[in-house]
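Every number here is computed from the coordinates shown, using simple stated rules; none is lab data. Remember, predicted model here, so these are calculated numbers, not experimental data. Methodologically, a virtual Cβ is constructed for each residue, glycine included, from the backbone with ideal geometry; neighbour enumeration extends over all protein chains shown.
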Amino acid sequence: MNDAKISLHTSDIVMEFQYTIDFATSMDARDPLRNRRSEFLFPQHDGRDIVYLTGNSLGLQPKGAFDALRQECEDWQHWGVEGHFHAKHPWYSYHERFADGAAKLVGAQLNEVVMMNQLTVNLHMLLMSFYRPTEKRYKILFEHKPFPSDHYAFASQATLHGRNPDDVLVEMQPRAGEVLLREEDIIDKIQELGDELALVCFGGVNYFTGQFFPMQKMVEASHAVGAMCGFDLAHTAGNLPLKLHDWNVDFACWCTYKYLNSGPGSVGGAYIHERHASNPDLFRLAGWWGQNKSIRFQMGPTFDPIPTAESWAMSNAPVFNMAIHAVALQQFTEVGMEALREKSILLTAYLEFVLKEVVDQTGVQLEVLTPRNPEQRGCQLSVVVPGATKELVGQLAQRGVVVDWREPNVIRMAPVPMYNSFEDVYRFGLCLTEALKH
Ligand SMILES: Cc1ncc(COP(=O)(O)O)c(C=O)c1O
């Protein structure tokens, strides 16, 4: 057995991890968040909870989801159209329920967040406001291998503005032989693009490698050359504590079905810094839900935007998926991102330790792509499994373990602090060892 001392950069804790069930369960017993697990519904395998390590793809269902949906159905049955004002949570102002929780989640002010649409739609809406190319300043810098939807969004926005995407899109490249991007290279690139750079738009955490980018430094460097800086927080919101307002981030968007456990395709979120949100002259696509509330129902032809992020909301609230988000977001508000992060650092460090044990026991040289430094990652570890095919995921599934697969031979795992346990990580190690020996 490999008794490794793991020094955690972000805290003074030095742990002596052990690859035993007793150690894992003793960690769970000491976990202040351990009771949260019972608030979720786990798919079953052979009569027990599966080891679910794909919260980075689709989070598990909070037990309160069903009742929240039933409440809205009952209110609809009882009130009909009057539910807009008389439902338990009136539908007219439904999205306002989220301002406090969403603001806490991403480190924003109440007037800087709004829940609406879905992620790629929100990215486009924000690009309509924040990508305003000029003759000289028109380039968009984004991360190496972004989530493809972002790439398509950037390219189509370039086309919308009558430009050739090949001239506009600048994909940040890692150094030869490396997969991660170095902080100094990102900053150098921003400076190099200088007054040609209109926008820097990265994922906060890259979906493939799990690398967490130095958001604040990127904002500072972008602003120093006169560019905007925004983030796709699909893999960051609910995963890492954020301070979007203090970091001066211009805009951001996120989905709620991954770390935020709000169900498939659930409502997205958007953040717009106050200095932009309160500026009526900044272009935004207009719809009636962004209209000044005191005159919205006068049904007049002139758009008078609410001087907050809410003015980006074009349509009335999609109550049914928001109902589940309300349950899930409440859990984050209660626990807080700091407590989640504290557990997450340990849980992911334990996963890293267990992977070393698996290497020792199988001889398969697993390679962790994700940064080793906890400050440069969230929950997720992405691991190259030499020689593996997608069959490996099937082998794990047969043993009651769910991870996700990315071609050509990468498994991504995210032990999430809200509901995963140290025992989950231990059991994952046993099953991966068996599957690799199979
Ligand atoms: C980083 C990232 N961006 C964008 C998307 C697309 O999200 P949506 O389908 O909600 O627009 C995803 C989906 O997984 C993602 O991981």
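Here are the numbers for the structure shown:
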{"quantity": "Span from the segment 110-156 Cα centroid across to the segment 329-392 one, whole angstrom", "calculated": "29 Å"}
{"quantity": "Environment charge at Cys253 (Cβ cut-off 11 Å; Lys +1, Arg +1, Asp -1, Glu -1)", "calculated": "-2"}
{"quantity": "Charge tally in the Cβ shell below 12 Å around Asn56, where Lys, Arg are +1 and Asp, Glu are -1, Asn56 excluded", "calculated": "+3"}
{"quantity": "Shape call, segment 172-306: gyration tensor on alpha carbons, a/c limit 1.5", "calculated": "oblate"}
{"quantity": "Exposed-loop-free span, longest in the chain, where GluC sites (Glu not before Pro) count as exposed if DSSP calls them loop and at most 11 other C-beta atoms lie within 10 Å", "calculated": "179-438"}
{"quantity": "Global geometry of segment 354-433, whether rounded, prolate or oblate, following the gyration tensor of its Cα atoms and the 1.5 cut on a/c", "calculated": "rounded"}
{"quantity": "Distance violations [Cα-Cα > 21 Å] among Lys139/Lys243; Lys136/Lys217; Lys258/Lys437; Lys356/Lys437; Lys63/Lys88; Lys63/Lys258", "calculated": "Lys139/Lys243; Lys136/Lys217; Lys258/Lys437"}
{"quantity": "Contour excess over end-to-end distance, with Cα ends at Lys390 and Phe85 and 0.36 nm allotted per residue", "calculated": "104.7 nm"}
{"quantity": "Global geometry of segment 137-195, whether rounded, prolate or oblate, following the gyration tensor of its Cα atoms and the 1.5 cut on a/c", "calculated": "oblate"}
{"quantity": "Antiparallel content of DSSP bridges confined to the chain, in %, to 5", "calculated": "60 percent"}
{"quantity": "Ascending count of other beta-carbon atoms within 10 Å, so fewest first, for Asp250, Asp281, Asp185", "calculated": "Asp281, Asp185, Asp250"}
{"quantity": "Gain upon complete extension [Phe297, His161; 0.36 nm per residue less C-alpha separation]", "calculated": "45.6 nm"}
{"quantity": "Computed E for Glu274/Glu74 - FRET, C-beta separation, R0 51 angstrom, nearest 0.05", "calculated": "0.85"}
{"quantity": "Label-point gap, in nm, between Arg406 and Phe283 - each point 7 angstrom along Cα→Cβ", "calculated": "3.3 nm"}
{"quantity": "Fraction in percent of alpha-carbon pairs per bin - 10 Å, the chain", "calculated": "4, 21, 29, 25, 15, 5, 1, 0"}
{"quantity": "Share, in percent, of DSSP beta bridges within segment 221-309 that are antiparallel, nearest 5", "calculated": "60 percent"}
{"quantity": "Distance in nm between pseudo-label sites at His45 and Glu375 (7 Å out along the Cβ direction from Cα)", "calculated": "3.7 nm"}
{"quantity": "Chain lengthening between Ser315 and Gln398 when straightened (0.36 nm per residue, less Cα-Cα)", "calculated": "25.5 nm"}
{"quantity": "Cross-link reach list, aspartates and glutamates versus Lys145, counting only Cα pairs under 15 Å and skipping chain neighbours closer than eight places", "calculated": "Glu171, Glu178, Asp232, Glu407"}
{"quantity": "Efficiency of FRET between Asp100 and Thr25 - r from beta-carbon atoms, R0 35 angstrom, step 0.05", "calculated": "0.45"}
